[in-house]
Amino acid sequence: MHNKTLAEYSKDLQSKKYSSRELTQCFLDRIAQYDPTLNSFITVTAEHALNAADEADKKIKAGHAHPLAGIPVAQKDIFCTLDVKTSCGSRMLDNFIAPYDATVVKHFNHASMVMLGKTNMDEFAMGSSNETSFYGPVKNPWHTDCVPGGSSGGSAAAVAARLTPAATGTDTGGSIRQPAAFCGITGIKPTYGRVSRYGMIAYASSLDQGGPMAKTAEDLALLLNVMAGFDPHDSTSVDRPVSDYTQILNQSLKGLRVGLPKEFFGSGLDPKIAELTHQAAKELEKLGAEIIEISMSKLNLSIPAYYIIAPAECSSNLARYDGVRYGHRAEHPKDLIDLYVRSRSEGFGDEVKRRIMIGTYVLSAGYYDAYYIKAQKIRRLISEDYQNAFKQVDVILGPTIPTPPFKIGEKTSDPISMYLSDIYTIPVNLAGLPGLSMPAGFIDGKPIGVQLVGNYFEEARLLNVAHQYQQNTDWHKQSPEMFK
Ligand code: GLN
């Protein structure tokens, strides 16, 4: 029962093959059995889930339910949930219960989907390995001594181990696509502004974007139908109608122009990943696509630009955690300054502190022009690089990450090498474009992903390409032996 796609669950639930309560119980049992090994959930909301399942069953019985009604889903612990703790992976918010639901959560509730709980993540979504969480690292279900990727590592591991049929993630520089690749699942970061950020705890507001993570592209299309749309509560949400993302899934790839940037295949990329990426290109070619070599020479500037812009925005966003309004408060402060300093020192972990310091530095009067403004100019160049590429091709194909999943602890003392793992995903956020990662093979039993990037609001096309690929390959059907 735990291995089906959303379309299959939908059919089974509507035809009463089993109830939402039975399905929900099946996943709650799997969480109880396996999550002590994986640590993919911060909070499991069993009682809440069973009540929601009963409500969904009633609606299904009455014959007026949403097609995804009664299907369980897990929320990354960055989305605010009414009455349920939202920690953002931080000690700072270990005691925080939001007074409202994020818009994304509201959309899932309106569809009568069942929230199983809140998934583990890097602290404030800062990380690429899920090792910065206050709640401890998440294990990769394929190799439990390896990281699942980050920052949405809990969501990716939970979907891969079939502890939930689907989950949400957020992606500021790769946090949906990178863990999806490391865990052998499919994930999409939509165009900036397509999914509401209201109630999604801010890391770097001009880059953050929520999106779905699931086994297949078809599942992502169904989930994006629920998640996407204009939200007057989010000033950067785009007021533009949402198409039905399932509509063109079956369109032929004949004549599709797929760009392979030659710069992607330089040193730093594991040669076996290069090979698997070329294999994926061949597969698309067999389906009628035309593979075109392109050049994108500015993308290598994305890591330095990102590590100015993201920390700058984070230092500003995280200023609100002062021990006064909400979140962790130090005990017995001497005075106001002592309250601020100790609340923040105790509440934040090392990586968050590192980013706040860098961000504060690059925004300070003497360095603003040299770092922050310069980084913004580079950001523009990167966007232009993409727009030039899209004059020649419809989608861009490349690796999602340069290496297979690495060992827990392997990179924690070397932040630069950790930052480099996002080299292929970060430029997509800087440009605000949609990007999708899908499973494309294995190296020594560890999953590898490839990334498709499209022009603004071309989510449907990315899902179409991925769906066609998945109709003809079965990498996405594999699941880790330990959690069968
Ligand atoms: N790994 C990147 C960072 O640490 C991206 C994280 C994300 O997308 N949230 O900032």
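Below is a table of values for the structure above.
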item: For the chain, size of Cβ-based charge dipole, Lys and Arg +1, Asp and Glu -1, in debye; result: 380
item: Helix-only mean residue ellipticity at 222 nm for the chain, each DSSP H run of n ≥ 4 adding -39500 (n - 2.57), per residue, nearest 500; result: -11500 deg cm²/dmol
item: Cα gyration tensor shape of segment 266-324, rounded if a/c is under 1.5, else prolate or oblate by comparing a/b with b/c; result: prolate
item: Cα centroid separation, segment 420-479 to segment 265-300 (Å); result: 12
item: Percent of beta bridges antiparallel (DSSP, the chain, rounded to nearest 5); result: 70
item: Rg/Rh for the chain, where both radii come from Cα atoms and Rh is the Kirkwood radius; result: 0.95
item: Leading residue at positive end of dipole, the chain (Cβ point charges), from 127, 268, 435; result: 435
item: Coarse-grained scattering of segment 10-80 at q = 0.17, 0.20, 0.21 Å⁻¹, given as base-10 log I(q)/I(0) from a Debye sum over alpha-carbon atoms; result: -0.65, -0.84, -0.89
item: Long-range amide H partners of residue 296 with built H, under 5 Å; result: 262, 263
item: Cα shape, segment 143-203, gyration tensor, a/c 1.5 rule; result: prolate
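Read-outs throughout are calculated quantities, based only on the coordinates presented, and are distinct from any laboratory measurement. Quick caveat: nothing in here was measured; it's all calculated off a predicted structure. Here the Cβ is made from the backbone with ideal geometry for all residues, glycine too, and neighbour counts use every protein chain on show.
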